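A short reminder: the numbers here are calculations on the coordinates, not readings from a lab. In this text, all values refer to a predicted model and were calculated from it rather than measured experimentally. Counting neighbours? That spans all protein chains shown, and the Cβs are built from the backbone with ideal geometry, glycine included.
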Amino acid sequence: MSANQDGTNLLEVRGLTKIFGTLTACDHIDLDIARGEIHALLGENGAGKSTLVKMLFGSLEPNAGEIFWNGQAVRISSPGVAKKLGIGMVFQHFSLFEALTAAENIALSLDDGSPISSIAAKARALSFSYGLPLDPESLVGDLSVGERQRIEIIRCLLQTPQLIILDEPTSVLTPQEADKLFETLERLRSEGKSILYISHRLEEVKRICDRATVLRHGKVVGHCNPREETASSLARMMVGNEVQAVVRAPVEGIDKAQPLLEIRNLSRQPATPFSIPLRGINLNVRAGEVIGIAGVAGNGQGEFFESVSGEVLQQDAASVRIRGKDSGSLTITGRRLLGAAFVPEERLGHGAAPRMKLSENLLLSRHATDGKAFVGSGGMVKSAAIQAASQRIIEAMDVRKSAPDPEAAALSGGNLQKFIVGRE
C-alpha cells in the first residue's frame, strides 16, 4: 500500500514492525487515520497496542515500515519530533508532580518560555472553552483523578496537536466525567482534530468511534465501523474466538465459617499531604469468595492495599487478620508466610523490579514461602529451579516475551500483569 495522496488521511502507517529479541511485538502493521475522526485501536493485553502508539509518539523506533504524515514520509525519532509534527498523547498513567500547581506542571512540557501567569491564563481559557474547567493555581496533590486528567488533556491541547492519542482515558473516570470527556472529544472532532482512542470498554468505543482497527498477537486482524458491531463481535475479533460468559463454579469442601481475611475498624492517617485517610473500614473475605472494592481511582484504594499487604504497618495488630491471626503489625513477608499474595496496581516498579529478570522477580517475592525449593544450603540460590518455576508461570499464563528470561521492563504491561498474577 502506498501513501494516500488525496489529503483525506492525516496519518498513514505501512508495514510498521517492532522486534524485541525473539518477540515481534508489531508485525507489518498498516493503519490509516483520517482527518476529523475518532479511530479506535482495539486488542487484548499484549496485542501490540502500546508498542504501536509508542512508535507513533517517538518513544520507540520501528525496525521496519514507514510512517506518513500529511502524505509525507517522516521519521519520528523522539516525542519532541512527534509534538512538532502535531501529535499529542495523553497517557493512561499521568506524569504530574503533586507538589506543583496545574500551571507549573503544564509549563514543564512547553518550550516557549512563557511566564507561568501567561500559561495559567491560556490553560484556564482553553479548559473552559472545551468544557473541562480547571483552576491552574490548584496543587495537583489536592485534585481528584478526573481533574488530573484534565491537566494532561489541556497540556496536550496547548501544543495544538492535529492528532491526539488517548490511552484508556476513561479507566479512572466516573460515568459523569466520562460523559464530559466524550463531549470534549466530539468538539475536537468537529474542529477537524483526529483522535486515536485506545480502550477495552467496547460499549464506549461503539458510542464515540467512527472506525476501529483490531490487533491480535501484533498483527492487524480487522477493520470495522464499531457502530455496526456488537460488543460481542468486537470481542470476538480481538481474541479470535467466541468469548464465553464467566460462570461461577460451585465451591465444595471448603470451610466458609472462618474468614481468611478480616479487616476490623481499619483506620489510617494520611502519610503525606496528598494521601487519603482510612476511617473505620470493616470487611471479611471467606474461602471461595471474590470481594470487590468499588470507587473512583484515587479515593483510598492504594492506601487500603498498602495497609492490607503490609507495606504500611498498623499500630493495631488486630485491624488486619489473616487466617485467624492478628497481622496488622506483620511485614509483607510475614503475611506471605500466612498464605497471602499481592498484585499491586502499578505493575512496573511496584509489582516487579524493572531491570531484574522474571526469574529474579519470582525469587524476590517467594524466597520466604518457597525457600527450600529456591535456596540451598549455605544460602546459595538454585538458579535452575527458579528459572524452571518461572518458565512454568510463563507457559501457564501465556506470557509473550522477547527472550527466555527477559527483564520485567521488556514485557508489555498486559504480559507483565499476567506474570505477576501467576507468580503470586
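Remarks
- Beta bridges by DSSP in the chain, antiparallel share as percent, to the nearest 5: 65 percent
- By average C-beta atoms within 10 angstrom, highest first, the peptides 383-395, 291-303: 383-395, 291-303
- Measuring r between the beta carbons of residue 201 and residue 28 and using R0 = 30 Å, the FRET efficiency lands at 0.60.
- Size of charge dipole - region 9-239 - debye, nearest 20, with Cβ of Lys, Arg +1 and Asp, Glu -1, no other charges: 480 debye
- Here the chain is assigned +1 on the Cβ of each Lys and Arg and -1 on the Cβ of each Asp and Glu. Its dipole about the Cα centre then comes out at about 880 debye.
- Our Cα-only numbers for region 348-424 put the radius of gyration and Dmax at 11.8, 37 Å.
- Cα gyration tensor shape for region 96-164, rounded if a/c is under 1.5, else prolate or oblate: rounded
- Size of charge dipole - region 255-342 - debye, nearest 20, with Cβ of Lys, Arg +1 and Asp, Glu -1, no other charges: 180 debye
- Residue separation of residue 296 and residue 223 scaled by 0.36 nm, minus their Cα-Cα distance, works out to 23.0 nm of gained length.
- Its residue count N fixes a reference of 2.2 N^0.38 Å for region 255-342, and the Cα radius of gyration divided by that reference is 1.05.
- Overall dimensions of the chain by Cα: Rg and Dmax, Å: 23.8, 72
- Residue-span extension gain [residue 382 to residue 137] - 0.36 nm each, minus C-alpha spacing: 82.7 nm
- Set of lysines near residue 256 by C-alpha distance (under 19 Å), chain-local residues within fewer than 8 positions excluded: 325
- Separation between Cα centres of region 77-145 and region 263-309, rounded to whole Å: 31 Å
- The chymotrypsin sites (Phe, Trp or Tyr not before Pro) of region 284-344 include none that meets both conditions, a loop assignment by DSSP and at most 14 other Cβ atoms within 10 Å of the site Cβ.
- Over region 348-424, relative contact order from alpha-carbon pairs under 8 Å, at least 6 apart, %: 40 percent
- Rounded FRET efficiency, nearest 0.05, which uses the C-beta distance separating residue 356 from residue 99 and R0 of 30 Å: 0.50
- In region 9-239, a dipole from Cβ-located charges (positive for Lys and Arg, negative for Asp and Glu) runs towards its positive end, and of 82, 156, 143 it is 82 whose Cα lies farthest in that direction.
- Multiplying the residue separation of residue 231 and residue 392 by 0.36 nm and removing their Cα-Cα distance gives an extension gain of 54.6 nm.
- Under the Debye formula (equal points on every Cα, no solvent term), log10 I(q)/I(0) of region 9-239 at q = 0.07, 0.10, 0.12, 0.17 Å⁻¹: -0.22, -0.46, -0.66, -1.27
- Members of 18/206; 18/401; 18/219 lying beyond 23 Å, as alpha-carbon distances in this model show: 18/206
- Estimated FRET transfer efficiency when R0 is 30 angstrom, pair residue 282-residue 144 (beta carbons, to 0.05): 0.75
- Here the label points at residue 186 and residue 84, each 7 Å from Cα along the C-beta direction, are separated by 3.8 nm in the simple model.
- Helical mean residue ellipticity (222 nm; -39500 (n - 2.57) per DSSP H run of 4+; nearest 500) of the chain: -9000 deg cm²/dmol
- Loop-located trypsin sites (Lys or Arg not before Pro) across region 1-110 with a Cβ neighbour count of 16 or fewer within 10 Å are 35, 75, with loop assigned by DSSP.
- Between residue 255 and residue 160, the simple label model (points 7 Å from Cα in the Cβ direction) yields a spacing of 7.1 nm.
- Annotation: amide H-H contacts under 5 Å for residue 164 (H modelled 1.01 Å from N, sequence separation of 5 or more, or interchain): 88, 194, 195, 196.
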